[in-house]
Amino acid sequence: MTEAVGRLKARIPSADPRIHQMLDGWRAARGDGVVARRASFDPLTVVRMLEFIWIYRHCPIANDYVCDLAGEEVNAVWGHSIKGRTLTEIVGAEHRSTLAERWAIARSEPAILYSATEDMPDPHLVHRVERLVLPMAAETGAVDSVLGVSLYDVRRHRLAGKAANSAAMPAEVVRIPVAEL
């Protein structure tokens, strides 16, 4: 393990080991670049994570993010496929603003974002969620997307009741500048 990787893991020591696996997959795709290019990211490096992965691309015309990919567990938590939908459609205008601000930092700085939220009150279908957000570049080199993983502790008994779902917004987010890696 390199010194930079050791420092990174020390910043989020209680993270689920799958978070570190996702970081390793992103770092492999990154190579010598500042951030990983979407075309370089090999999903086989994180095959056990695919159901938890999502990718959103910034759409400047709509000033919103569009979901390009969402794993099965992500779609199950939202109750339907979110692929092709905007962030505003998925989480609502209030939460969209917070997420868009955070993702803009991840893209522009660029930085890695990590958060964990526990004991979410009803009507959340999720008891706990741990998230990692990673900046991704298009073939042009523009950092236009975020690759993320959301590890859920789902209240399965609530899924059957079809309770209302809303976005879980962590108050505290660990920001790790890519330049530190």
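The values are calculated or read from the model by the stated rules, or taken from the named source; none is laboratory data. Nothing here was measured: the structure is a model prediction, and the numbers come from that model. Cβ sites come from the backbone with ideal geometry, for glycine too, and all protein chains shown count toward neighbours.
Here Glu94 fulfils each of the conditions (1) of a type in the set (D, E, K, R); (2) assigned to a helix (DSSP H, G or I); (3) surrounded by 14 or more Cβ atoms within 10 Å (Cβ to Cβ) apart from (3).
Do we find a residue being at pLDDT 95 or above, under 14 Å from the mean Cα position of the chain (by Cα) and crowded, with 18+ Cβ neighbours inside 10 Å anywhere in the stretch 116-127? No: zero hits.
For the stretch 70-87, state whether one or more residues are buried (at least 20 other Cβ atoms within 10 Å of the Cβ) and assigned to a strand (DSSP E or B). There is at least one residue in the stretch 70-87 that is buried (at least 20 other Cβ atoms within 10 Å of the Cβ) and assigned to a strand (DSSP E or B).
Residues in the stretch 29-82 that are more than 14 Å from the chain's Cα centre (by Cα), of a type in the set (Phe, Trp, Tyr) and more than 17 Å from Arg107 (Cβ to Cβ): Trp78 alone. Out of Trp54, Trp26, one residue alone is part of a helix (DSSP H, G or I), aromatic (Phe, Trp, Tyr) and touching a residue at least 40 places away in the same chain (Cβ under 8 Å). It is Trp26.
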